[in-house]
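Some notes on the structure that comes next.
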Amino acid sequence: MNSSHTQYISARDMGVYEPINQLSMFADFDENGWPDTSPSLLVEVDTKLDNQSEDTSHETAGDSIKYEETNKRVDKVLRRLAQNREAARKSRLRKKAYVQQLESSRLKLMQLEQELDRSRHQGTYIGGAIDSGPPGCSATMNSGIASFVLEYGNWVEKQDRQICELRNAINADLPDEKLRVLVNDGMAHYSDLFRMKAKAAKADVFYLMSGMWKTSAERFLLWIGGFRPSELLKVLLPHLDLLEQQCSDVYNLIQSCQQAEDAISQGMDKLQQSLVDAVAAGLLGGGSYIPQVANAVEKLKPLVSFIDQADHIRKEILQQMYRTLTTRQAARGLLALGEYFQRLRSLSSLWATRPREPA
Amino acid sequence: MMYYRAPVAAASANSDSSCSITWGWHYDTHVPTSRQISSEPLERIVKLVSRSAVVIFSRSSCCMCHAVKRLFCGMGVNATVYELDQDPFLGKEIERALLNLLGDYSKTSVPVVFIGGKLVGAMDRVMGSHINGTLVPLLKEAGALWL
């Protein structure tokens, strides 16, 4: 009896107690006619048990069986309480660890954001502040590409100025000599772009292939790192007011352009296929990719020459148009071309800032 | 395969004056390879390009070569293609000779196109001449295109 009494004391000292777990125990008490089966506080239960012990001390030996049963129940309570203690302790430890993890992640996030800001300023996104391409792109830029992006920004600004001048000159009906100067300037400006692109292709051919320096609508219409030459001609054609003797030349140009484009596209398809085969060779073999990656790298090397060829076709198309058209036609053609790309650029910005439907 | 008819075919545009024109015509096409006296690649090139109106030197794995083949195919031109990686005897040497013919600015030896026995050039030249309208007349002159 004494031992059970001390047990009660220690049970009472516990602050953690789950009344609900004791329900099953209390159900037993019902048979003995005890007054309360609802989950109750520690104190109440202890009081009852305490009463019980005091009661039993005055009872006859016949009640000792009841006493033992009570002991067992008390043991169960104590065991439950101990388990609860453990569980609570573990929970506290887990919470602590989680909070520490959150704190360090927050620090890391701040650092990454700072880095991103820094490299963004160095890389200087052009092509619309809102529509500046996928985030994280700046992390992969090398210096060759970074300078290309800067130069391209300047190129677009100069292009916009030239377009303005052309428009004014055509509307003002300036004489051919004045127009010729503007046309030559426009042609030289496109040559500059191709020169810049050739340099950038050596720095990072994948960057060029993905058209990352262009706005999103232009990227959508991308063909091997630039505009599609046949599309260009189709845009220009209705605005040229061709003379009869020019028609066959221009239509031949359109046809040969299309054929050249198709040929290069098929070459690119073969390049893609050979790359796929090289990368996929020996999958699931369990071995390292290292020996095969050299083969895949070899397959990628012709990519630069394909961009070169595509740009070469674009240059040649422009040159041929320049040769075929009169000064006035060439001026209108350059203006139409410039306006077309301007529209694509503003479309991209408008699209990026359009009101979105709620998710 | 289209057989070239005009006799002066072998007057190639190359600057190498040591290439003698008449060699190409002294060899019978039925002479088996092992008995050919001259193995000089340049002479072999001359011989090959004089046989057909349009000759493309290529490598079977080269994607740019594939593009040039598709270009002529798309135009309805039947070109004779020599895959140099499949020529165990002279392949490499012909490639080197072609590099010399093309000059320093060319990075790769293939593809190289000859029309009417004359050197047109690498992909650059072929594309350029097609867009500026000089390729088609060349093909017609060589009998590779009728329209």
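In table form, for the structure just shown:
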| read-out | value |
| --- | --- |
| Descending Cα extents along the principal axes, the stretch B:103-147, whole Å | 35, 21, 12 |
| Overall Cα dimensions of the stretch B:36-111 - principal axes, largest extent first, Å | 37, 27, 22 |
| For the stretch B:40-117, with +1 on Lys and Arg beta carbons and -1 on Asp and Glu, the positive-most of B:GLY117, B:PRO88, B:HIS66 along the dipole | B:HIS66 |
| Relative frequency of Cα-Cα separations exceeding 19 Å in the stretch A:198-268, percent | 48 percent |
| Global geometry of the stretch A:263-359, whether rounded, prolate or oblate, following the gyration tensor of its Cα atoms and the 1.5 cut on a/c | oblate |
| Sites A:ASP192 and A:ALA281, calculated FRET efficiency, Cβ-Cβ separation with R0 35 Å, nearest 0.05 | 0.25 |
| Set of lysines near A:LYS76 by C-alpha distance (under 30 Å), chain-local residues within fewer than 8 positions excluded | A:LYS48, A:LYS66, A:LYS90, A:LYS95 |
| Cβ-Cβ FRET estimate between B:LYS140 and A:GLU115, R0 fixed at 56 Å, reported to 0.05 | 0.35 |
| Among A:308-317, A:104-113, the order from most to least packed when residues are scored by Cβ within 10 Å on average | A:308-317, A:104-113 |
| Candidate lysines - alpha carbon under 30 Å from A:LYS199, same-chain residues fewer than 8 apart omitted | A:LYS158, A:LYS214, A:LYS234, A:LYS270, A:LYS299, A:LYS301, A:LYS315, B:LYS69, B:LYS107 |
| Length released on extending from A:GLN342 to A:GLN246, taking residue separation times 0.36 nm less the Cα-Cα span | 31.8 nm |
| Peptide A:262-274, shielding by other chains (average Cβ, 10 Å cutoff) | 6 |
| Neighbouring partner chain Cβ atoms per residue of B:56-64, average, 10 Å criterion | 4 |
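Readers should treat all values here as calculations from the given coordinates under stated rules, not as data from a laboratory. Just so we're clear, the structure is a prediction, and the values are computed from it rather than from any experiment. Neighbour counts are summed over all protein chains in view; Cβ atoms, including those assigned to glycine, are modelled from backbone coordinates with ideal geometry.
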